1. Rounded to the nearest 10 degrees, what's the angle between the helix B:74-99 long axis and the longest principal axis of chain B, both from Cα atoms, 0 to 90?
2. List the residues of the stretch B:72-102 whose accessible area drops by at least 30 Å² when all protein chains are present, compared with their chain alone, using a 1.4 Å probe and counting only protein heavy atoms.
3. Counting only other chains, what is the mean number of Cβ atoms within 10 angstrom of the Cβ of each residue in peptide A:75-83?
4. Ranked by accessible surface with a 1.4 Å probe, highest first, in what order do B:Tyr40, B:Tyr126 come?
5. By how many degrees, between 0 and 90 and to the nearest 10, does the Cα long axis of helix B:142-175 differ from the longest principal axis of chain B?
6. Quick one: which bits of the stretch A:52-71 get at least 10 Å² less accessible when the partner protein chains are in, versus the chain alone, with a 1.4 Å probe?
7. By how many nm would the segment from B:Leu115 to B:Leu159 lengthen if fully extended, with 0.36 nm per residue of separation less the alpha-carbon distance?
8. If the label point is 7 Å along Cα→Cβ of A:Thr16, which residues in the stretch A:56-77 have backbone nitrogen under 16 Å from it?
Amino acid sequence: MSGSNDHHGGDMPHSTFKGYMTGFVLSVILTAIPFWLVMGDVIKDTGMTALVILGFAAVQIVVHMIYFLHMNFHSEGGWNMLALIFTAVIVFIALAGSLWVMYHLNVNMMPGLMKEYG
Amino acid sequence: MSETTHDTLAGNAERGEPLQFHETTEHHPETGTLLGFWIYLMSDCLIFASLFATYGVLGRSYADGPTGMELFDLPLVAMNTSLLLLSSITYGFAMLKMQANQLRGTMVWLAITGLLGAGFLGLELYEFNHLIHEGAGPWRSGFLSAFFGLVGTHGLHVLFGIVWLVTLLFQLKKHGLIPENQRRLFCLSMFWHFLDVVWIGVFTFVYLMGVLP
């Protein structure tokens with residue numbers, strides 16, 4: 001494994017045509033379906049459509065990570081993956097935390113709702 | 001595993017030979033550039049996370065202004081997405097040519113990647129210009145501020161990627177596929193694919209979810 005890396009001046013992962021094409025074909029499919037779902041108004045329920053296209057985006061991000069960015073558990077002695085996992089945790093906290101806090105702030109502080117409930 | 005190492009060490013010491021250490025883990029990379037660049041990308045990812053969070057919070061604050069459903073032109077976005085996706089695969093081809101040590105092929109695919117990136121940027125600028133002329137500039141509402149902030153930051157990244165790519169074309173022309181240039185090409189490839197990953201988030205979270213009622 002490290003033998004194949006050493007031939008290419010350092011520690012760059014070896015890419016293959018097959019790997020890139022697999023990633024590309026999967027990406028095209030995973031991009032086309034969400035666009036089709038939204039533009040063709042396929043699923044009538046908005047919330048359901050949003051969930052489905054978010055799911056497709058998550059899968060496509062993983063596909064890009066594996067086939068284009070060559071992520072795995074052993075490049076750079078695992079430090080690449082560790083940094084990625086750490087970042088993913090922070091990204092999740094930043095996104096979910098912001099949405100959660102701001103949603104409740106909005107709901108509880110809206111003047112209109114104060115009148116309704118108070 | 002550790003026992004055999006001990007035996008070897010003890011054996012060497014008894015025989016009066018210098019101690020030899022065998023690395024049992026993968027060898028340490030000669031330079032930390034690729035790991036360092038990856039960590040830069042991860043920190044860049046956090047910038048985008050905060051912009052996505054801002055958009056998530058403000059994305060429906062229209063201030064009686066135009067909504068995403070009225071503004072977003074999905075065929076244009078689909079066009080933009082395909083340009084960026086194509087540029088990812090053409091960069092992949094450039095990397096394959098680099099591995100095969102073919103300078104000319106590397107430069108040709110790199111130039112094609114740059115042109116696709118420029119096309120993406122052109123369409124994005126056209127869209128921004130169109131929005132601003134419709135009175136839907138970043139000052140119009142919280143939604144549009146967050147939109148221009150997020151999509152504009154991504155566009156700026158693509159712009160700097162293209163500047164870097166053109167610089168590398170000159171470097172390649174001058175020095176050929178020396179190890180330094182191979183390393184630079186690899187770093188740019190990570191940067192370029194990373195931008196494509198961010199764009200997946202943008203077209204899903206901003207455009208596709210933005211036109212949903």
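1. 20 degrees
2. With the partner chains in place, the stretch B:72-102 has these residues losing at least 30 Å²: B:Leu74, B:Leu85, B:Ile89, B:Phe93, B:Leu96, B:Gln99.
3. Counting Cβ atoms of other protein chains within 10 Å of each residue's Cβ and averaging gives 5.
4. B:Tyr126, B:Tyr40
5. Roughly 50 degrees between the two axes.
6. Output list: A:Ile53, A:Leu54, A:Ala57, A:Gln60, A:Ile61, A:His64, A:Met65, A:Phe68, A:Leu69, A:His70, A:Met71.
7. Length difference between fully extended and current span is 14.7 nm.
8. Zone members listed by number: A:66-72.
The values are calculated or read from the model by the stated rules, or taken from the named source; none is laboratory data. From a predicted model like this one, the values you see are computed outputs, not experimental measurements. For neighbour counting, all protein chains shown are included, and Cβ atoms are generated from backbone atoms with ideal geometry for every residue, glycine included. These accessible areas exclude ligands, DNA and RNA; they are computed on the full protein's heavy atoms, side chains included. Shrake-Rupley method; radii C 1.70, N 1.55, O 1.52, S 1.80 Å.
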